[in-house]
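The values are calculated or read from the model by the stated rules, or taken from the named source; none is laboratory data. Please read these numbers as outputs of a predicted model, since none were measured by experiment. We place every Cβ from the backbone using ideal geometry, glycine too, and count neighbours over all the protein chains shown.
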Amino acid sequence: MLIRLSQLFFRTLREDPVDAEVASHRLLVRAGYIRRAAPGIYSWLPLGLRVLAKVEQVVREEMAAAGAQEVHFPALLPREPYEATGRWTEYGPNIFRLKDRKGGDYLLAPTHEEMFTLLVKDLYSSYKDLPLALYQIQTKYRDEARPRAGLIRGREFIMKDAYSFDVDDAGLAVSYQSQRDAYERIFSRLGLEYVIVAATSGAMGGSRSEEFLTPTAIGEDTFVRSPGGYAANVEAVTTVVPDAVPFDDAPAAHVEDTPDTPTIDTLVAVANERFARPDRPWAAADTLKNVVLALVHPTGERELLVVGLPGDREVDLKRLEASVAPAEVEAAGDADFAAHPELVRGYLGPGVLGPNVPVAEGAGDTARTSVRYLLDPRVVVGTRWITGANEHGKHVFDLVAGRDFTADGTVEAAEVRAGDPAPDGSGPLELARGIEIGHIFALGRKYAQALGLTVLDQNGKAQVVTMGSYGVGVTRVLAALAEANNDERGLAWPAHVAPAHVHVVATGKDPAVFEAADALATELSSRGVEVLYDDRPGKVSPGVKFADAELLGVPLVVVVGRGLAEGVVEVRPRVGGTTEQVPVAEAADRVSALVDALLAV
Ligand code: ATP
Ligand code: MG
């Protein structure tokens, strides 16, 4: 393969696109791989398509090795199957919906569980037909609330989605493992570092689910690891609940004046100033913070929720969202507080929250709100708190959980912090950030049940099929590769996904240089090396050509230029390694050998 830059449809940019926050986005646009068509929606240019095809090829080979067969579904789908599984509603504003000329409802599929289930139902009816694994590499649509970082969170993106069909749980376990193994091979072959973490299934449903994350500071997901091998997305971490505390000798709750203390910091300062206790100073962890949030249900209905948690922890909106899925979470706004005057901003406490049980006198007990109140699991019976007294400038001290207040339940919403204990007792957690590049689900029977996918077993009895679903974000993987392989000068692709193996640059105006470069490029190409050849005429300066070569990120750069007079060309790796002066006559051999070495890893 030989691509001449003089003919190639591409344009490199010296300036970063204004909306680009992360390296992959900046560089993929600047190097002419993609162009933005609309927020979170991109067009693919020739070089981008070449990289995409290589990533897809690795996915295809490993799917085939795992025994999955490729099919292809439309993106435009009718409403009914999604109605049958409840997802037409559950996806809420996250799906693109449209109507045909007759008024029929359609959607642009965010994922295809329903359609695969129906296809198998159409064609198969016996246990002998199973197990079965099917997949597609297909364009998905999600009207993401916050499309960002270019391809990393798009509203149109390419996913590999595979689905497994088994008669029983043991079969599902085998299918799940086989996809999991395939994912390990895919990401290893792509040279993408990955961590497998326990995950929540969200609106997807199902029993077991794991995510593949690639660690990077720009990732939107936070995950934890313990020395004993526990690994989970923070969304899936469950709090280690402390034992209840005896409270027989706890003093009665008492309300105190704490003027100008709408925040935890100001409250702790005033508590220490005015109500110092002998043993140790008050700290944020002694306060119970009650945060008002709004759940937006898929139907659009807005429901307020108060989360009570130790004052030294913030609410992690993503963790809360995982707990209340499919609802989305927003901070409460002025209008919410206006509609609920009983929720006194900055001084809210259990006196007005929670179920209507008698609380201690003087505990700031007033008319109860109808807003649901959920507590962090650490707020166990007997714990003693400073918290809002539901009046401006007042807080209640020594308010004891279980004695003075209760709630409507508990919720996993508090941030997970480094040093928190792993739920399985395997040690303190450390935190890191990552990008979700794959997600596998043991779905179980939810979709088969809803859509009536059964097969006859050995005894002629109908059995509901059990399913798994397995996604790789193909375009997100490409961005993650760009994110992991770049420097200040541009992209630096690993050889097996690079748009070409070698970038030959002819510099200057000397026709002899162009002849030699042309001959080398042609020779390499005839040996199976993929060559990008910068044959642009002499008016494109060497500086521009070198800068473009660095921006495009092909792993080997060969410069045919001034050295030709001494009979050599320059061969240099895009990153690392050393520049070699190679005699022209040996150049093809040397470069092919270097390419082979790069591809062998
Ligand atoms: P996220 O939590 O990042 O929104 P998700 O859990 O909704 O992703 P899945 O439904 O598990 O995503 O989809 C499977 C894979 O598709 C994900 O692991 C991810 O790699 C990719 N993916 C999901 N949403 C997007 C998107 N908006 N843009 C690009 N890739 C995406
Ligand atoms: Mg996911």
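Under the condition of being surrounded by fewer than 16 Cβ atoms within 10 Å (Cβ to Cβ) and either within 13 Å of ligand 2 (Cβ to nearest atom) or under 23 Å from the mean Cα position of the chain (by Cα) (or both), the residues counted in the range 441-460 number 0.
All told, Pro537 meets the bar of being surrounded by fewer than 15 Cβ atoms within 10 Å (Cβ to Cβ), more than 21 Å from Leu481 (Cβ to Cβ) and over 37 Å from the mean Cα position of the chain (by Cα).
Of all the residues in the range 380-402, those that are part of a loop (DSSP other than H, G, I, E, B) and crowded, with 23+ Cβ neighbours inside 10 Å number 2. Consider the range 403-440 and keep the residues that are in a strand (DSSP E or B) and charged (D, E, K, R). The one that is farthest from ligand 2 (Cβ to nearest atom) is Glu430. Scanning the range 461-489 for residues that are part of a strand (DSSP E or B), away from ligand 2 (no atom under 16 Å from the Cβ) and either farther than 30 Å from Val22 by Cα or in contact with a Cys (Cβ under 9 Å, 6 or more places away or on another chain) (or both) gives Ala462, Gln463, Val464, Thr466, Met467.
Within the range 224-250, residues that are without any contact (Cβ under 8 Å) to a residue 12 or more places away in the chain have Cβ atoms under 8 Å from residues that are surrounded by fewer than 17 Cβ atoms within 10 Å (Cβ to Cβ) and not in a loop (DSSP other than H, G, I, E, B) in no pair, counting only partners at least 6 apart in sequence or on another chain.
Table: residues versus (1) under 22 Å from Tyr33 (Cα atoms); (2) in a helix (DSSP H, G or I); (3) at pLDDT 95 or above.
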residue	(1), (2), (3)
Pro494	yes, no, yes
Val529	yes, no, yes
Phe546	yes, yes, yes
Val554	yes, no, yes
Val559	no, no, yes
Asp596	no, yes, yes
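A residue that is outside the structural domain of Leu520 (by TED's automatic domain parsing), among the aliphatic types (A, V, I, L, M) and more than 30 Å from Leu130 (Cα to Cα) cannot be found anywhere in the range 66-77. Under the condition of being in a loop (DSSP other than H, G, I, E, B) and either in contact with a Lys or Arg (Cβ under 6 Å, 6 or more places away or on another chain) or away from ligand 1 (no atom under 16 Å from the Cβ) (or both), the residues counted in the range 165-206 number 4.
Among the residues that make up the range 576-584, is at least one of them within 16 Å of ligand 2 (Cβ to nearest atom), touching an Asp or Glu at 6+ places or on another chain (Cβ under 9 Å) and not in a strand (DSSP E or B)? Checked the range 576-584: no residue is within 16 Å of ligand 2 (Cβ to nearest atom), touching an Asp or Glu at 6+ places or on another chain (Cβ under 9 Å) and not in a strand (DSSP E or B). Of the residues making up the range 143-160, those that are surrounded by fewer than 22 Cβ atoms within 10 Å (Cβ to Cβ), in contact (Cβ under 8 Å) with a residue 40 or more places away in the chain and outside any strand (DSSP E or B) number 5. Scanning the range 496-527 for residues that are in contact (Cβ under 8 Å) with a residue 40 or more places away in the chain and in a loop (DSSP other than H, G, I, E, B) returns His496, Val497, Ala498, Pro499, Ala500, His501, Thr507, Gly508, Asp510, Arg527.
Given the criteria β-branched (Val, Ile, Thr) and buried (at least 23 other Cβ atoms within 10 Å of the Cβ), does Val224 qualify? Yes: the conditions hold for Val224.
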